[in-house]
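The next block holds one structure in the form of C-alpha cells; read it before the comments.
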Amino acid sequence: MMSVLDLAPVLPVVVIEDAADAVPLARALVAGGLPAIEVTLRTPAAAEAIRAIADEVPEAIVGAGTVVTSANVSNAAAAGARFLVSPGWTDGLLDAMRASGLPFLPGVSTTSEVVALLERGVPEMKFFPAEAAGGVPYLKSLSGPLPQARFCPTGGIGAASAPSYLALPNVGCVGGTWMLPPDALAAKDWARVERLAREAAALEV
C-alpha cells in the first residue's frame, strides 16, 4: 500500500470554500512539486473539490483530511480520495478507515495513543496539533522508545520550522498551509501558490 509519508516532504492541507478553485489550485501545487494534497472536510465544497481534482488532475494524489466519522470515510472514498487523514482516532473510526482499503494517517498527540496504534498494527500516523502538543522535542523523544512509529506532524508548522521536523528520523513529511496564503487564494494567484509550493518541495528531509 502507498505510504502517504513518502510522497513529498510537505503535505499541503487545503481548505476549499469554492469547488471551482479546486482544479487550478491542485495544478499549481503539482506544478510546484507537491503532488499529494489533503483536502479537509471542513466545508460544504470539500467532496466536490476532491472529486474534481481526482477527475481532472490525474497527476495529483488527492486525499481527505479532517476525517472524523465513518460517514466521512465512505463519502471521501466515493468522491475519489486516495488517502485519509484524521485529527484523532477511535476504534470505530480506525476500523472504518482500515476497511476502506485506502492508506490512512490517524491523528495522535500522546505516547499512549501512539502505542495503542502500534498495537493495532498501524505504524504511520499524524501528529496533531504538532506545535501545541510538544513539537520537535516531543517527537524527538519518541524516536528512542518507539522507533517503529513514523509521523506527519501538522499544526502550526511553517516554512521556518519545517526543516527541524523533517530532520527527525521518525518524520516522513510535514503538513502545512504556508504555501496557501489566504490572500493568494482570494486573488486566485495560482502562480504564487506554485512558487511557494516549489520552495516547500525543495526542503531537505
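Of 130, 197, all but one fail to be at pLDDT 95 or above, crowded, with 18+ Cβ neighbours inside 10 Å, in a loop (DSSP other than H, G, I, E, B) and not charged (D, E, K, R); the exception is 130. Among the residues examined, residue 17 qualifies as without any contact (Cβ under 8 Å) to a residue 60 or more places away in the chain and of a type in the set (D, E, K, R).
Considering only segment 35-104, give the helices (runs of 4 or more DSSP H) lying wholly within it that have at least 2 residues that are surrounded by 24 or more Cβ atoms within 10 Å (Cβ to Cβ) and free of Cβ contacts under 8 Å to residues at least 40 places away in the same chain.
Counting at least 2 such residues, we get 46-56, 70-79.
Once segment 1-23 is narrowed to residues that are among the aliphatic types (A, V, I, L, M) and out of contact with any strand residue (DSSP E or B) (no Cβ under 7 Å at 6 or more places or on another chain), the residue that is modelled with the lowest pLDDT is 1. Scan (1) over 19 Å from residue 177 (Cβ atoms); (2) assigned to a helix (DSSP H, G or I) for the single condition residue 22 breaks and write down its number. If we test residue 22 against (1) over 19 Å from residue 177 (Cβ atoms); (2) assigned to a helix (DSSP H, G or I), just (1) comes out false. For segment 141-153, the condition of being among the aliphatic types (A, V, I, L, M), under 30 Å from residue 19 (Cα atoms), at pLDDT 95 or above and crowded, with 17+ Cβ neighbours inside 10 Å holds for none of the residues. The one condition from (1) among the aliphatic types (A, V, I, L, M); (2) crowded, with 21+ Cβ neighbours inside 10 Å; (3) not in a loop (DSSP other than H, G, I, E, B) that residue 157 does not meet is (3).
The values are calculated or read from the model by the stated rules, or taken from the named source; none is laboratory data. Model, not experiment: these values are computed from the prediction. Heads up, the Cβs are rebuilt from the backbone with ideal geometry, glycines too, and the neighbour counts pull from every protein chain shown.
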